[in-house]
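What follows is a single structure, written as C-alpha cells, with notes after it.
The values are calculated or read from the model by the stated rules, or taken from the named source; none is laboratory data. Everything numeric in this text was worked out from a predicted model, so none of it was measured. We place every Cβ from the backbone using ideal geometry, glycine too, and count neighbours over all the protein chains shown.
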C-alpha cells in the first residue's frame with residue numbers, strides 16, 4: 001500500500017500531524033519508508049512512514 005509519504009523528497013516541507021508545535025520541517029531523506037525530517041524546534045527526527053502520514057506544505 002503506497003501513501004503520500006512515498007512521494008516525499010529531500011528539500012520538501014512537511015508538518016507532523018500530531019506535533020504541530022514542531023513547526024514546518026524539511027525532509028532530509030526518505031529511504032525505505034524511514035523519513036528523516038529537520039524541524040526548527042525539534043531538530044532531526046526519523047519518522048516511520050508506515051505509521052505516520054506527514055502533511056506536505058506548499059508555500
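Which residue is nearest to residue 57 (Cα to Cα), if the candidates are limited to region 1-16 and must be part of a loop (DSSP other than H, G, I, E, B) and touching a strand residue (DSSP E or B) at 6+ places or on another chain (Cβ under 8 Å)?
We begin by selecting, within region 1-16, every residue part of a loop (DSSP other than H, G, I, E, B); these are 1-3, 8-12, 16.
Then keep just the ones that are touching a strand residue (DSSP E or B) at 6+ places or on another chain (Cβ under 8 Å); that gives 8-12, 16.
Values: 8: 11, 9: 13, 10: 13, 11: 11, 12: 8, 16: 10 Å.
Within region 1-16, the match that is nearest to residue 57 (Cα to Cα) is 12.
Within region 17-40, the set of residues being assigned to a loop (DSSP other than H, G, I, E, B) and either at positive phi or touching a strand residue (DSSP E or B) at 6+ places or on another chain (Cβ under 9 Å) (or both) comprises 17, 19, 23, 24, 32, 33, 40. For region 1-22, how many residues are more than 10 Å from the chain's Cα centre (by Cα) and either within 14 Å of residue 46 (Cβ to Cβ) or surrounded by 14 or more Cβ atoms within 10 Å (Cβ to Cβ) (or both)? Residues that pass the stated criteria total 2. Taken over region 27-50, the criterion of being within 13 Å of residue 8 (Cβ to Cβ), exposed (fewer than 12 other Cβ atoms within 10 Å of the Cβ) and modelled with pLDDT under 95 is satisfied by 32 alone.
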